[in-house]
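Student: Shown below is the structure under consideration.
The values are calculated or read from the model by the stated rules, or taken from the named source; none is laboratory data. All figures in this text were calculated on a predicted structure; none of them were measured in a lab. In this analysis, Cβ positions are derived from the backbone assuming ideal geometry, glycine residues included, and neighbour counts consider all displayed protein chains. What goes into the accessible areas is simple: the full protein's heavy atoms, side chains included, and nothing from ligands, DNA or RNA. Shrake-Rupley method; radii C 1.70, N 1.55, O 1.52, S 1.80 Å.
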Amino acid sequence: MQEKILTLAAGLTGAGEEERELLCALCAAAAQMWSGRLRPGLTPEECGAAFACAAAFTAAADFGMGRNSRGVESFTVGELSVKTG
């Protein structure tokens, strides 16, 4: 499962080989976080692709925030725009 999560996160982030160690650590942390949120008795493998996608997107978001240490400066959804700073 860990390798599947890493493969998905690498595709989402475009992370290079030099960033693989960081992305791998972020994927492991995301998998651990999501595992802790599962119902008792349910395993990540039983969740299939949904678990892998959740962990990969979480890791990719954390990776993106690390790349851009200033964080998100602005975003728009429909007619609503939000800007920081």
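Student: Taking a ≥ b ≥ c as the square roots of the Cα gyration tensor eigenvalues, with a/c under 1.5 meaning rounded and otherwise prolate when a/b beats b/c, else oblate, which class fits the chain? Walk me through the numbers on the way to the answer.
Tutor: Values: a/c = 2.41, a/b = 1.47, b/c = 1.64.
Because a/c hits 1.5 or more and a/b fails to exceed b/c, the chain counts as oblate.
Student: Let me ask you something else. Expected output is a single nm value to one decimal: the length gained when fully extending between Phe57 and Glu19, i.e. 0.36 nm times separation in residues minus the C-alpha distance. What is it? Can you show the working numbers first?
Tutor: Details: separation 38, 0.36 × 38 = 13.68 nm, distance 1.64 nm.
Extra length available between Phe57 and Glu19 comes to 12.0 nm.
Student: On full extension of the chain, what length is gained from Leu80 through Leu42, given 0.36 nm per residue of separation minus the C-alpha to C-alpha distance? All intermediate terms of the calculation are to be shown ahead of the outcome.
Tutor: Working: separation 38, 0.36 × 38 = 13.68 nm, distance 3.86 nm.
This chain segment gains 9.8 nm when fully extended.
Student: Per residue, how much accessible area does the chain show when a 1.4 Å probe rolls over the protein heavy atoms, in square angstrom?
Tutor: It amounts to 69 Å² per residue over the chain.
Student: Would you compute, from DSSP H runs of 4+ residues alone, the mean residue ellipticity of the chain at 222 nm, taking -39500 (n - 2.57) per run and dividing by the full residue count, rounded to the nearest 500? Walk me through the numbers on the way to the answer.
Tutor: Numbers: 4 runs with 51 residues, N = 85.
That comes out to -19000 deg cm²/dmol.
Student: Give the residue list of trypsin sites (Lys or Arg not before Pro) in the chain that are DSSP loop and have at most 16 other beta-carbon atoms within 10 angstrom.
Tutor: Working: sites: Lys4, Arg20, Arg37, Arg67, Arg70, Lys83; in loops: Arg37, Arg70.
Here the sparse-neighbourhood loop sites are Arg37, Arg70.
Student: Filter the chain for me: DSSP H helices, axial length by Cα at least 27 angstrom, mean Kyte-Doolittle hydropathy not below -1.0. List them by residue number. Write down the numbers at each step before the final one.
Tutor: On the way: long enough: none.
Long hydrophobic helices here: none detected.
Student: With a 10 Å cut-off between alpha carbons and a GNM built on the chain, which of Glu46, Glu21, Glu73 moves the most?
Tutor: Glu73
Student: Next question, about the same structure. Considering only Gly64, Gly14, Gly41, give the residue with the highest GNM mean-square fluctuation for the chain, with springs between Cα atoms whenever their separation is below 10 Å.
Tutor: Of Gly64, Gly14, Gly41, the most mobile in the Gaussian network model is Gly41.
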